[in-house]
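Novice: If you scroll down you'll find the structure; I have some questions about it.
The values are calculated or read from the model by the stated rules, or taken from the named source; none is laboratory data. Keep in mind that this is a model prediction, so the values were computed, not measured. Glycine gets a Cβ as well: all are built from the backbone with ideal geometry, and neighbour counts include every protein chain shown. Remember, those area values only see protein heavy atoms, side chains included, never the ligands or the DNA or RNA. Shrake-Rupley method; radii C 1.70, N 1.55, O 1.52, S 1.80 Å.
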Amino acid sequence: MSLIEKHRNIIDYTLSSLGRRKGKTFAVCLVYSFIIFLLASVVFFTQAIKREADLLLREAPEMTVQRLEAGRQTTVPAAYADGIGRIRGVQSVQKRLWGYYFDSLTGANYTVMVNASLNGREGQAIVGSGVLLRGAAEGESRKIQAGDSLPVKTYRGEALMLKVAGILPFASELETADLIQVSERDYRDIFNAEAGRYTDLALQVRNRKELATIATKIVRQYPDTRPILREDILRTYDAIFDWRGGLSIMTMAGALFAFIILAWDKATGLSAEEKKEIGILKAIGWETGDILQVKFWEGVSVSLTSFSIGIFAAYLHVFVGSSLLFEPVLKGWSVLYPDFRLTPHIDAYQLVSLLFITVLPYTVATIIPSWRSATIDPDSVMRA
Amino acid sequence: MILHPGVISLLIGSLLVTIMLCYSAYEGAIIARDWDINSGSERQLGLERKTYLVSTMMTYAMGFQLLSLFLFIATTDALSHLFIGAMCAAGSLNVNAFGYPTMLLKLANFVLGGIWLIVNAADNRGYDYPLIRIKYILLICLSPLLLTETLLQGFYLLNLSPNLITSCCSVIFAEDSRSFAAGLATLPRQPAQLAFILSAAAVLVLGIRFLRWRKGAVLFALAVLAFFAVSLASIVSFVSLYIYELPTHHCPFCILHAEYGYIGYPLYLTLLLGTISGTGVGALAPFGGIASLAAILPSIQRRLTLLTLLCFLVFLLLTGASIGLSNLDLSAY
């Protein structure tokens, strides 16, 4: 009998023996799949949101310069921009104005930003698709449309009506949903911002290799500034999301342990029927090694089934169901962000890490029980 | 420490493998001490049962060890962008002093573990457990190495701290951003190419000689080991250049990236598998005289030799194809 033939017969036997113990197999598979589902959801979500952040930040300026005052971020005088613009290698310096506006009528936080193309068109605004307008009835609000008037309360306490001149395209939802773009004068009116001062500076640099040198020069020239490279932001985001994902996995360690104890228990507690079965197999000439192979294939089929179910469910959960269970914990961003679908992406690396966290502990937990059942003395079992 | 899912799985994995190995070594020590095949005592029967447990555990442990080598490289690769100046695993392994030792020890343990499995498989085929003492003494020798690996890997992973935005970024800029430059020693290209071709030829000739005349198993194993070392050096020295199509990029890890069609995985897998089976041929050679193995051993060695030659052939075809299909012309360098 060839080796493949032998294994085929053993697998055949294993599957039918698992089928005879439907209840037990089902219970283990159910819990196993659930554990894998939880862990895989976290891993998939973390990876997908990292990719999303990466795509978003690709558009960000190569270097942002902030000014600090007593350790806190403050506005940058226009003179800084001129000085930095004269540093060799700096292609352009963009003075940016942006801030957060809390709309007490709808209870939402918006990002207000100056759009240079609106300068001279005071009183007009371009808004993101997530911006809401308070309706006529109590507690009712609807999505804003072009032509609507958006009431804004300025920092001086006055009311400013902004006419919606356009809605930002839907494609970049995550980035623009909460955005309100206004002219520079309107911005300074809303936030009572001092003229000649800006939120931060965005730099374009001719040669990326010079970024570090330019940053050093900026700090030397203006010691109260803090240059931030796009790579630094990316790195920080990645670390934060990894950390959140890792922390969630750690909190699930308890559940994982409980499952391992369950697996151990189920594998140890052989019924009299199963013991008899193994005894008869050995009596008709099966060797210990063969029974161990049965147990091996048993583990493989249970793990493979649960792994596939768990991974499939996690995929649906994260990429179709918008990660209902973990979104608030892992995303941790503004609540306003609308439902957005993450781009589905799974790679072998994620699967192998998940395999290590789930299948390896399960396998280790079942080795000793399978060996015990494989070395049962046929004589004593059948006599009992 | 970085709480990355890959880091957690590596730590869990190596912890469990170490526990299995320590337990196996402990049981192995008892078996090696008290083993007496001629005895029919309760104790001897118990030990015979235990050998099944140890074999099973070691098989699983080595299976996961194989995966963990690649998981380790993939994880360090995935973490590389958290460190300034690191662009792939080469950079992140250099972040602290434990990275490269862990990597090398993992590689060595991988090969040694594979050889142990071959000895174990041969022993299981003999009816009177002919190699039982030897294989458990080998296991006891192997365990400190694996234990060291787990510790080194733990130190490496726990001592990683990413370069994040701090309240004053100039601290980072003040450092030389190239301080993590890999600095992998590269051999001059022409001698490396010559050594690569010569060692490949030696493996082929000695392999065929062994298959034909059943002579020179140890010599063949030595040639395989030499080819393994030369191949690793060659990948750094010239094969990588052709894959990247860049005369200056020598990295042995970037070939695992998607940009290069994951060519590194089949390259390293065939090289490692071939090395394990090839050295296994030599490791089994001293036991040819044992009566219960005399009939089985030649067929095992024959199969292992064929496997080695097949793996290396695939490896050579892959390297040949990467060089042949490359747009890089190094004749000017």
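Novice: Please identify, among A:Ile49, A:Ile11, A:Ile311, the residue showing maximal mean-square fluctuation in a Gaussian network model of chain A using a 10 angstrom Cα cutoff.
Specialist: A:Ile11
Novice: Another one. Only protein chains counted, 1.4 angstrom probe. Which residues of the stretch A:357-377 are at least 30 Å² less accessible in the assembly than when their chain is isolated?
Specialist: When all protein chains are present, A:Ile357, A:Leu360, A:Thr363, A:Val364, A:Ile367, A:Ile368, A:Trp371, A:Thr375 each give up 30 Å² or more of accessible surface.
Novice: Shifting gears a bit: Show the residues, 5+ positions off or on another chain, whose built amide H is closer than 5 Å to the amide H of A:Gln124.
Specialist: A:Lys163, A:Ser183
Novice: Name the shape class, rounded, prolate or oblate, that the alpha-carbon gyration tensor gives for the stretch A:1-49, where a ≥ b ≥ c are the square roots of its eigenvalues, rounded holds for a/c under 1.5, and otherwise prolate holds if a/b is larger than b/c and oblate otherwise.
Specialist: It comes out oblate by the Cα gyration axes.
Novice: Among A:Leu30, A:Thr363, A:Gly83, whose Cα sits farthest toward the positive end of the charge dipole of chain A (+1 at Cβ of Lys/Arg, -1 at Cβ of Asp/Glu, about the Cα centre)?
Specialist: In chain A, that residue is A:Gly83.
Novice: Please turn the phi angles of the stretch A:238-243 into ³J(HN,Hα) values with the Karplus equation 6.51 cos²θ - 1.76 cosθ + 1.60 (θ = phi - 60°), one per residue in order, whole Hz, x for glycine and proline.
Specialist: So the J values, rounded to whole Hz, are 4, 5, 5, 5, 4, 5.
Novice: At q = 0.10 Å⁻¹, what is the log10 ratio I(q)/I(0) for chain A, with the Debye formula run over Cα points and no solvent?
Specialist: The Cα Debye sum returns log10 ratios of -0.80.
Novice: Follow-up question, since we're still on this one. Quick check for me: using +1 on Lys/Arg Cβ and -1 on Asp/Glu Cβ, what's the dipole size of the stretch B:5-172 about its Cα centre, in debye to the nearest 20?
Specialist: 60
Novice: Continuing with the same structure: On a 31 Å Cα-Cα criterion, which of the cross-link pairs A:Lys6/B:Lys106; A:Lys50/A:Lys295; B:Lys135/B:Lys215; A:Lys266/B:Lys106; A:Lys24/A:Lys50 come out too long?
Specialist: Pairs exceeding 31 Å: A:Lys6/B:Lys106; A:Lys50/A:Lys295; A:Lys266/B:Lys106; A:Lys24/A:Lys50.
Novice: Let me ask something additional. Just name one of B:Ile243, A:Gly321, A:Ala125: the one whose Cα is farthest towards the positive end of the charge dipole of the protein assembly as shown (beta-carbon charges, Lys/Arg +1, Asp/Glu -1).
Specialist: The residue sitting most towards the positive pole is B:Ile243.
Novice: Right, something else. Taking the dipole about the Cα centre of chain A, with the C-beta of Lys and Arg at +1 and of Asp and Glu at -1, give me whichever of A:Ala374, A:Phe44, A:Gln94 is farthest to the positive side.
Specialist: Farthest along the dipole direction, towards plus: A:Gln94.
Novice: Next question. Can you work out the accessible area per residue across the protein assembly as shown, with the rest of the protein chains kept in place, probe 1.4 Å, in square angstrom?
Specialist: 47
Novice: Among A:Trp243, A:Trp98, A:Trp286, determine the one that fluctuates most according to a GNM of chain A built with springs between C-alpha atoms less than 10 Å apart.
Specialist: Per the Cα network of chain A with a 10 Å cutoff, A:Trp286 tops the list.
Novice: Here's something else I'd like to know. Under 12 Å from the 7 Å Cα→Cβ point of B:Leu211, by amide nitrogen: which residues of the stretch B:266-305?
Specialist: B:302-305
Novice: Something else: How large is the dipole of the stretch A:16-156 about the Cα centre if only Lys and Arg carry +1 and Asp and Glu carry -1, each at its Cβ, rounded to the nearest 20 debye?
Specialist: 700
Novice: Evaluate peptide A:290-297: per residue, the Cβ atoms of other protein chains within 10 Å of its Cβ; return the mean as an integer.
Specialist: Mean number of neighbouring Cβ atoms from other chains: 1.
Novice: In what sequence, largest accessible area first, do B:Arg302, A:Arg156, B:Arg209 appear using a 1.4 Å probe?
Specialist: Heavy-atom accessible area, descending, gives A:Arg156, B:Arg302, B:Arg209.
Novice: To two decimal places, what compactness ratio does the stretch B:5-172 give when its Cα radius of gyration is scaled by 2.2 N^0.38 Å?
Specialist: 1.31
Novice: May I pose another question? Tell me, what is the percent relative contact order of chain B, built from C-alpha pairs under 8 Å that lie six or more residues apart?
Specialist: Relative contact order, chain B: 19 percent.
Novice: Quick check: Cα centre of the stretch B:76-100 to Cα centre of the stretch A:95-135, how many Å?
Specialist: 42
Novice: Quick one: grab the alpha carbon gyration tensor of chain B, order the square roots of its eigenvalues as a ≥ b ≥ c, and give me rounded if a/c is under 1.5, else prolate or oblate depending on whether a/b is larger than b/c.
Specialist: Judged from the Cα gyration tensor, chain B comes out oblate (a/c at least 1.5, b/c at or above a/b).
Novice: Using the Cα gyration tensor of the stretch B:189-324, with a ≥ b ≥ c the square roots of its eigenvalues, what is the shape: rounded (a/c below 1.5), prolate (a/b larger than b/c) or oblate (neither)?
Specialist: Cα axes put the stretch B:189-324 in the prolate bin.
Novice: Further, regarding this structure: Going by amide H atoms built from the backbone, whose H comes under 5 Å of the H on A:Asn119, apart from near neighbours?
Specialist: Correct list: A:Glu184.
Novice: In percent, how large is the relative contact order of chain A, given Cα pairs closer than 8 Å and 6 or more residues apart?
Specialist: Computed value for chain A: 28 percent relative contact order.
Novice: Let me ask something else. I'd like the residues of the stretch B:38-74 whose 1.4 Å-probe accessible area shrinks by no less than 50 Å² going from the isolated chain to the full set of protein chains.
Specialist: B:Arg49, B:Tyr52, B:Leu53, B:Tyr60, B:Phe64, B:Leu67, B:Leu71
Novice: Let me ask something additional. How many angstrom lie between the C-alpha centres of the stretch A:239-304 and the stretch B:220-289?
Specialist: Centre-to-centre distance over Cα atoms comes out at 35 Å.
Novice: Chain pair B, A: how much accessible area is buried, both chains summed, with a 1.4 Å probe, in Å² to 100?
Specialist: The contact between A and B buries close to 3700 Å².
Novice: Where does each of A:Arg226, A:Arg372, B:Arg214 land when they are ordered by accessible area, with a 1.4 Å probe and the largest first?
Specialist: The residues order as A:Arg372, B:Arg214, A:Arg226, largest area first.
Novice: Counting only C-alpha contacts under 8 Å and six or more residues apart, can you give the relative contact order of the stretch A:78-226 as a whole percent?
Specialist: 32
Novice: For the protein assembly as shown, what is the charge dipole size about the Cα centre, in debye to the nearest 20, if Lys and Arg each add +1 at the Cβ and Asp and Glu each add -1 at the Cβ?
Specialist: Computed charge dipole of the protein assembly as shown: roughly 1100 debye.
Novice: Within the accessible area of the protein assembly as shown, what % is carbon and sulfur when the probe is 1.4 Å and the other protein chains stay in place?
Specialist: The C+S portion of the solvent-accessible surface of the protein assembly as shown is 63 percent.
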